[in-house]
1. Regarding the range 206-216, can at least one residue be identified that is within 22 Å of residue 85 (Cα to Cα) and at pLDDT below 95?
2. From the list 82, 96, pick out the single residue that is within 16 Å of the chain's Cα centre (by Cα), at pLDDT 95 or above, part of a loop (DSSP other than H, G, I, E, B) and crowded, with 19+ Cβ neighbours inside 10 Å.
3. Quick test of your reading of the structure: residue 57 fulfils all but one of (1) assigned to a strand (DSSP E or B); (2) touching an Asp or Glu at 6+ places or on another chain (Cβ under 9 Å); (3) under 27 Å from residue 228 (Cβ atoms). Name the failing condition by number.
4. Evaluate the range 5-25: report whether one residue or more is of a type in the set (Phe, Trp, Tyr) and at pLDDT below 95.
5. For the range 74-106, which residues satisfy the criterion of being closer than 22 Å to residue 247 by Cβ and touching a strand residue (DSSP E or B) at 6+ places or on another chain (Cβ under 7 Å)?
6. Provide a single number: the residues in the range 131-154 that are more than 14 Å from residue 101 (Cβ to Cβ) and assigned to a helix (DSSP H, G or I).
7. Quick check on the range 52-59. Is at least one of its residues over 24 Å from residue 258 (Cβ atoms), over 21 Å from the mean Cα position of the chain (by Cα), at pLDDT 95 or above and exposed (fewer than 13 other Cβ atoms within 10 Å of the Cβ)?
Amino acid sequence: MFRWWRRRKRARILAEPFPDDWLQVIERDVALWQAVPGAQRARLLDDTRLFIAERYWEPCGGLELTPAMCAVIAVQACILTLGRSVDAFDHVRSILVYPTAYRAPDVWEDEAGVVTEELDEREGEAWEWGTVVLSWQQVLTNSRTLHGRNLVLHELAHQLDLLDAVEVPTLGSPERRAENQRWMDAFLEAHEEFCEQVDRGRRVKVLDEYGAEDEAEFFAVATEAFFERGASLREHHAGLYQILSEYYNQDPASWTIPRSRSVTRSETGRERRRRRRDEERKRRKRKDAPD
């Protein structure tokens, strides 16, 4: 009964033309839209409408959230599932949008087991129970360029990751379990190699060093690079690109990437977080070092 009702509701939504004002904003503000192959754009616009309609959107901090702004967020989210189904986001129930960065409690543990609690300035986060929080300012800044930093891709990748990206499902056929085990082993090997490079102080091409925080962050930053800098990721990290291509069932390295407008890039919240944690680790090591 639920499936019948859902199909009927979706049919009503898709029977209406895509709003012109939404499309104008997407064409103006979403650089990745220009890279998506033309044959896939109609499907992407349909998924965008379903994504918007099936989620609760909450403006926070005095933001006036318009439907066109929701479309900017939704169209980028739905690029992740073009090779699968927008139903992969069924567990995502609400999108909270702040005008700018916001402050939230943060707890982290260093290699020595020392736990630090602090208030952290953030541009976004993904919660396990299906909520995504975003800073509109950062969403817009990222969506207008293709530099491998995209808040929407990052946080929505976390939502996909929470389901099955780095965990082997206990259900399914033996063949499916074996396939997921192979995928996970290759992914974790790529993550370990990446962390070793970062720990040695070497600059890793294409990938954001924030991916060294843990497997989930590595998946999210790798996803950003996969869609926005696919050709470069394939060139410098061919194995990782192949893993993501299988997972997303897409090949963005073959897309025609438009030239991004030049912007002055400021330090993001996750970069500040990593820098601050590194500084705190160094301070503790100096404090604990023998005289």
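The values are calculated or read from the model by the stated rules, or taken from the named source; none is laboratory data. All values reported here derive from a predicted model rather than from experimental measurement. Quick reminder, even Gly has a Cβ in these numbers, built from the backbone with ideal geometry, and neighbours come from all protein chains shown.
1. At the first step, the residues of the range 206-216 found to be within 22 Å of residue 85 (Cα to Cα) are 216.
Going one step further and asking which of them are at pLDDT below 95, we end up with 216.
Yes, the range 206-216 contains at least one residue that is within 22 Å of residue 85 (Cα to Cα) and at pLDDT below 95.
2. 82
3. Answer for residue 57: the failing condition is (2).
4. yes
5. Of everything in the range 74-106, just one residue is closer than 22 Å to residue 247 by Cβ and touching a strand residue (DSSP E or B) at 6+ places or on another chain (Cβ under 7 Å), namely 92.
6. Residues in the range 131-154 being more than 14 Å from residue 101 (Cβ to Cβ) and assigned to a helix (DSSP H, G or I): 4 in total.
7. So far as the range 52-59 goes, no, none of its residues is over 24 Å from residue 258 (Cβ atoms), over 21 Å from the mean Cα position of the chain (by Cα), at pLDDT 95 or above and exposed (fewer than 13 other Cβ atoms within 10 Å of the Cβ).
Table: residues versus (1) under 21 Å from residue 160 (Cα atoms); (2) loosely packed, with under 15 Cβ neighbours inside 10 Å; (3) hydrophobic (A, V, I, L, M, F, W, C); (4) in contact (Cβ under 8 Å) with a residue 12 or more places away in the chain.
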| residue | (1), (2), (3), (4) |
| --- | --- |
| 188 | yes, yes, yes, yes |
| 195 | no, no, yes, yes |
| 200 | no, yes, no, no |
| 207 | yes, no, yes, yes |
| 212 | yes, no, yes, yes |
| 215 | yes, no, no, yes |
| 222 | yes, no, yes, yes |
